Each structure stands twice: as C-alpha cells, then as structure tokens.
Amino acid sequence: MSEKFSPALRIGDLNDFIAPSQACIVSLNGKKKPDKVEVSIADRQVKSEPVKISLKDCLACRVKSTLLLHLRDEKITQEVLLVAVFSGVAVVLNCFFQSSARRFTVKNVLIASGSCGCLAVKVLAIGCVTSAETVMLEKQGLDEFMSTISKGKAVIVSVSPQSRTSIAAHFGVSPLQAFKKLTRFFKSLGVRAIFDTSCSRDLTLVESCVEFITRYRQSQLVDDERSKSSLPMIASACPGWICYAEKKLGSFVLPYISSVKSPQQTIGTIIKRYVCQDMELRPEEVYHVTVMPCYDKKLEASRDDFVFQLEQHAEGSKGEVNMILEVDSVLTTGEILELIQSKEVDFKSLEEAPLDKLLTNVNEEGYLYGVRGSSGGYAETIFRYAAKTLFGKHIDGPLNFRNIKNSDFQEVEGETVLKFALCYGFRNLQNIVRKLKTGKSDYHFLEIMACPSGCLNGGGQIKPIPGQSAKQLSQLLESVYLENVLPADSFDNPIIKGLYDKWLEQPGSEKAKRYMHTQYHPVEKSVTSQLRDW
C-alpha cells in the first residue's frame, strides 16, 4: 500500500525515530508478523465530514481508544493498528498544525507517520503529553498569531536562518531578499519588529565554547567523579534530541548535554528580559513568535524551564505575579508559506523592506553574516575556539569533515587531539547512545540533530515542489544557505559584544549562566510497557 505514496512517505524508507519501518512492527499478540501487511476496507460508505480533533484526543494514556474510535470505519490488521498507536501523536500534530482536520483512515495514519519529520512526536506517543503542553501547543498556530496582531499587542517575529533559506529556495530568491520580503510581509500584517536568530545563535555559540573549555579541563582531572561525565559534550539545540534523551535515555546521558539554551530560547530571553526595555515595552506587552524548521520547537517553547515570573510593583498591586513565556508561539516555515498563500501575496514580486538591525546579523554594507554550518555550526565553531584556547592553534578556512558510516555521520578530518563529530538522524544517534552506555565513546564533542541531513531538513520546512525529489531539495537548500551570507566569527559579533558589555558581563559569567543556560529532567518510565498488553 505504501508504494502508492511518494518516496518521502513510504514507511519502509524512513530513517528517523518518529516513524518506524515495517521491519520494526511487532504483532500485538506476540506472534511473528506476516511478511506483508494487508489492509481491507469496509464496503459501506463513510461520511465525508472530517472528524474534529484536538491534541487532547491523543494523550498517550488515551491514544489506543481514540485511534480505535476514529478508525472504526475501516477493518485493519493488528500490525497497522500498532503503527497507528505509535504514530498517534504524529497524526494529530500533522493534522492539527496544518489547520486541516482529517478523517483518521489507515492511509492518513501511514501518510502522517511518514511525513512528520519530528523526533519528539514519536517520543510523545510513547511517553506522555501533559495537559499544560497541550494548552500551549493549541495556542501556537496561525489563527492565534493573527488574532494577537488584531488585538494590538506588540508582536515580534524572530526568523531562523533555516526557515529563511527554505523560503528563499521555494521562491527562487536569495536569503537576503527573502528576509527583506518577509520583513515587508510581516510588517504589513502589523508585526512590530522582525529579528534574526542567527544573532542569538552567536550568543549560544560563545557560551557553548566557554562551557566546552570548562568541561575539557574538568575531564583532565584525575580521580574526579565529575570528570567522568564531562565529555563528550553534546549540543543542546535540537529539541527532538532533548525530548528523546529525557523520556527514553534517562539520567545517564543528560550530564553530557550542554546546558546552553538553544538559539530560539536565547533570543526569547534577550527580547523579554532585556531588549523590550529599549523598545519601551514591558515583557507582558510583547508577543514573541519564532519561525522555525521543525514542529519540535513548539514543544521546546512550552517547557516550564522557559517561563519566568514577573512581579508587578505598581501602586495598589499586592504582589501580583505574571508568568512570562520567553517564546509565546512557534510557527513552522510551512505555516508561513500557508499564511503567504492565504493572503494571496505575490512574494517574489513583493517590495523589500529595510531590516531591523537591533537583533539581526546585518553589517553596514547590508550583507547578512553568520557562522558556517546549516545546523548551527556548533562542532566547527567550538573546535576552532578549543584549538586556539587549549593548544594555541589558529585554524584558517573551513574545517573539513569526512564521512564515517554515511553522510549524516562525519568527523573532523585529519590527525587531531580533539575528536569532534556531526551526528544527524536517529539511526546514527542510536549508535552514539550505545557507545555512551558502554563507556566506549572517545568523542570530545557531538553535534547531534534528530533529523537526517540536519535542521535544513526539518519536518516543518517547505516540502519539495512537484517533480523535485527530497534529495534535490536538500542539495538546493545547502547551496542557498550561505548565498549572500558572509562567514563570521561569533566572538566578533558587535551585537553580542554589546549584550555582554551592557547586560551579561562576560562569557560564562554567573549572570550569563542565569539567563542563557538551562537544565534537563529525566522522565520516569512511561506507558511503553503497557503496549504489549493492548
């Protein structure tokens, strides 16, 4: 049946955690699965009216009964039902965030399990979506975005470089042109300011460099318990990886993960805790939206760790406390395309607008600048800084990486004292986890991303156009990513220097740790063990 779908949707071709291949399916009654999964469709006609769904319909504790309810119009085998159970949250997220509720058919279950590019949704199907997360997620969509603008609230949008690239490639313009057109488009809707998360990524990279040096030196100490969990340091920018680590791996892997916030949460902190004052706004008056390449970022924004209390000191108030989100809503690149299309805007012909320079990596000549690396450039930036700081070695030009097992698992090329690697996609991620568990990992740093090919291939990105393969789109995005973007050192970013001088004091300071770092929490055993009993 899956052969009828495009290659991107075929279950057997899937490479990531969120969508198990047919080889992973285990029969519910413990019997060996048949070689071929057969699906028979009921002869009677089904109603054309779509089922109205919400995220509440598929909390992990109710996912089985819910899917059975929505799948009642079809006869399905146990194997397909298990795919549905494991993909329940993926189905709901895929339908919900595309603002088009679909009837839950076997075909739609298979499509959703194949098309969703987020690691976290599978973890959520196995784990649990809390009520608080449900409420947060339901507020993150285009309707809420437009409603907030209409209410006159100060809306600020921060665009990721990966989303900017996806839009540029889709419309056949440069990233700089895409950013300027997006600025015009958003401001025509009533958005106050549009910023660039390449800026906050530089701050994240500076803090990550300092953290790595601290960890490396700690690891050199003899007979110190902390040194055993100092390295490898693992990048923390991918919320799908963080979700998986917390819900499936437990406390053994969490100490290895960098405590530095992701660029999304970093720019949220900068805007809500510092920059809004320069804009003569109070934090509670700001509605901050980010545009990101994956749905997992919606879950990241809703974490309790990224909410802070704001005390009111106005006369007459009795210690009233407001809970402020660093990021109020996350929209994917695909949702922005949907918004552009719904407004019937000719984006390619849209007039360009000047960029907001307060938190945007744009120089005096009008060029964008940023680090190399389409998934954040963590490995390359930290490697360069460590080589200079620890060994006095200056590296000129781009770093070369060599494939180890595949193009999604690469190491820094050459004979080096430090062993750094890029690890993208769940298949490669599993290999790393096994080495960590057995104590056989000899890496010093790992740039881990849940999606194969990294962030440019996030599940929230714009899909290939007709006649274009996923591989062709991936190659196009890589070539467009640094077009008209000047490579630059994060430590030389004048905006970041200003933030340290006026607010954070210095890299790695106690103030920087307070605002730019976070913590992770192992989640107790989930409902996974109950699946065999269903």
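The values are calculated or read from the model by the stated rules, or taken from the named source; none is laboratory data. Keep in mind that what you see is a predicted model, and the values were worked out from it rather than measured. Glycine also receives a Cβ, built like all others from the backbone with ideal geometry; neighbour counts cover every protein chain displayed. Heads up: the accessible areas ignore ligands, DNA and RNA and are worked out on the full protein's heavy atoms, side chains in. Shrake-Rupley method; radii C 1.70, N 1.55, O 1.52, S 1.80 Å.
Geometric descriptor of segment 295-451, per residue, is 269 Å³ (volume of the convex hull of the Cα atoms). Residue pairs exceeding 22 angstrom between C-alpha atoms, taken from Lys261/Lys435; Lys297/Lys471; Lys181/Lys357; Lys151/Lys463: Lys261/Lys435; Lys297/Lys471; Lys151/Lys463.
The phi-based Karplus calculation (6.51 cos²θ - 1.76 cosθ + 1.60; θ = phi - 60°) puts the 3J(HN,Hα) values of segment 340-349 at 4, 5, 5, 8, 6, 9, 7, 4, 5, 9 Hz, whole numbers, x for Gly and Pro. Solvent exposure of Tyr244, expressed as accessible area, is near 20 Å², computed with a probe of 1.4 Å over the protein chains only.
Sparsely packed loop sites in segment 360-460 (the trypsin sites (Lys or Arg not before Pro) outside DSSP H, G, I, E and B with at most 15 other Cβ atoms within 10 Å) comprise Arg372, Lys393, Lys440.
The share of accessible area on segment 391-489 that comes from carbon and sulfur is 49 percent, using a 1.4 angstrom probe. Close amide H pairs (under 5 Å, H built 1.01 Å from N) link Tyr287 with Ala154, Val155, Ile156, residues at least 5 positions away or on another chain.
Couplings 3J(HN,Hα) of segment 249-256, computed from phi: 9, x, 6, 5, 9, 4, x, 7 Hz, in residue order, whole Hz [Karplus 6.51 cos²θ - 1.76 cosθ + 1.60, θ = phi - 60°; x for Gly and Pro].
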